[in-house]
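Student: My questions will all concern the structure given below.
The values are calculated or read from the model by the stated rules, or taken from the named source; none is laboratory data. Being a predicted model, the structure only gives us computed values, none of them experimental. Every residue, glycine among them, receives a Cβ derived from its backbone with ideal geometry; neighbour counts consider all protein chains shown.
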Amino acid sequence: MIGIIGAMHEEIVVIKEEMKNLIVKDVSGNKFYLGLLNDKEVVLVESGIGMVNASIITTLLINEFKVDKIYFSGVAGSTSELLKIGDIVISTRLQEYLFDATEFGYEMGEIPRMSTSIFKPGNILKEAEDRLSEENIYFGGIVSGDKFVSNNEEKKFIGKNFDSLCLDMESAAVAHSATVLGVDFLIIRSISDTVNGDATMEFEKFVNLAAQNSKNILTKLI
């Protein structure tokens, strides 16, 4: 079975509309939608916003439904001048950029006493690379933290210093949890706000468009 996560209602409703034979199961107060997407068995869930919510839902997906791979479909803010509204980023590496143990000699984003702080998809990434060739799809780094970043200079700084194309508030937590629990994952994010506009205004205006674009790529990969 394939697990699919979106952080917000806007991100999952467009996917749920495509599913057939829908069944709803409640686990610890969370609604999981089981059904068929492109004739594949999937379970879809809204994680809620933020790193802890995303980690909890990822763990529930794996432990309760025994999924063998996880896709995250949603929107993100750009950290690169390359990206326009609606462009797609497919994760090649993920990092929790706000993790700060620098007082103990660690780099920003480095998690103490772990073998790695950068989480990478496995074979699922190669499958995406083989199937996707659209001009508006970029493969690259994604960073996450519990902060909505609206300052454009801060976004550019994050992009440069963490080798990322976009940032959000969930993806690295999903990647971290899935890696520890031994399940392959892929993050699909569509850009809802750029490094040159008003992030809050752009997000509110384009979140639905970006969510639809991300869903379109997801359905090509399922």
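Student: Give me the residue from the stretch 86-110 that is more than 20 Å from the chain's Cα centre (by Cα) and outside any loop (DSSP other than H, G, I, E, B) and, out of that set, surrounded by the most Cβ atoms within 10 Å (Cβ to Cβ).
Tutor: Filtering first and then ranking leaves Thr102.
Student: If you go through the stretch 192-199 one residue at a time, do you hit one that is part of a helix (DSSP H, G or I) and buried (at least 19 other Cβ atoms within 10 Å of the Cβ)?
Tutor: Yes: one or more hits.
Student: Does Ser214 satisfy being at pLDDT 95 or above, among the small types (Gly, Ala, Ser) and within 22 Å of Tyr71 (Cα to Cα)?
Tutor: When the stated conditions are applied, Ser214 does not pass them.
Student: Now for a different question. If a residue has to be part of a helix (DSSP H, G or I), touching a residue at least 60 places away in the same chain (Cβ under 8 Å) and surrounded by 14 or more Cβ atoms within 10 Å (Cβ to Cβ) to count, how many in the stretch 113-160 make the cut?
Tutor: 8
Student: When Glu170 is evaluated against the numbered criteria (1) surrounded by 14 or more Cβ atoms within 10 Å (Cβ to Cβ); (2) more than 15 Å from Thr59 (Cβ to Cβ); (3) out of contact with any Lys or Arg (no Cβ under 6 Å at 6 or more places or on another chain), which criterion, by number, is the only one it fails?
Tutor: (2)
Student: Yes or no: Tyr33 of a type in the set (Phe, Trp, Tyr), surrounded by 24 or more Cβ atoms within 10 Å (Cβ to Cβ) and at pLDDT 95 or above?
Tutor: Answer is no for this residue.
Student: Let me ask something additional. Counting just the residues of the stretch 174-191 that are surrounded by 24 or more Cβ atoms within 10 Å (Cβ to Cβ) and not hydrophobic (A, V, I, L, M, F, W, C), which one comes out modelled with the highest pLDDT?
Tutor: His176
Student: If we keep just the residues of the stretch 1-42 that are of a type outside the set (A, V, I, L, M), outside any strand (DSSP E or B) and out of contact with any Ser or Thr (no Cβ under 8 Å at 6 or more places or on another chain), which is nearest to Asn208 (Cα to Cα)?
Tutor: Here the answer is Glu10.
Student: Please go through the stretch 44-85 and pick out each residue that is surrounded by fewer than 22 Cβ atoms within 10 Å (Cβ to Cβ), farther than 18 Å from Ala173 by Cα and not charged (D, E, K, R).
Tutor: Those that are surrounded by fewer than 22 Cβ atoms within 10 Å (Cβ to Cβ), farther than 18 Å from Ala173 by Cα and not charged (D, E, K, R): Phe65, Ser80, Leu82, Ile85.
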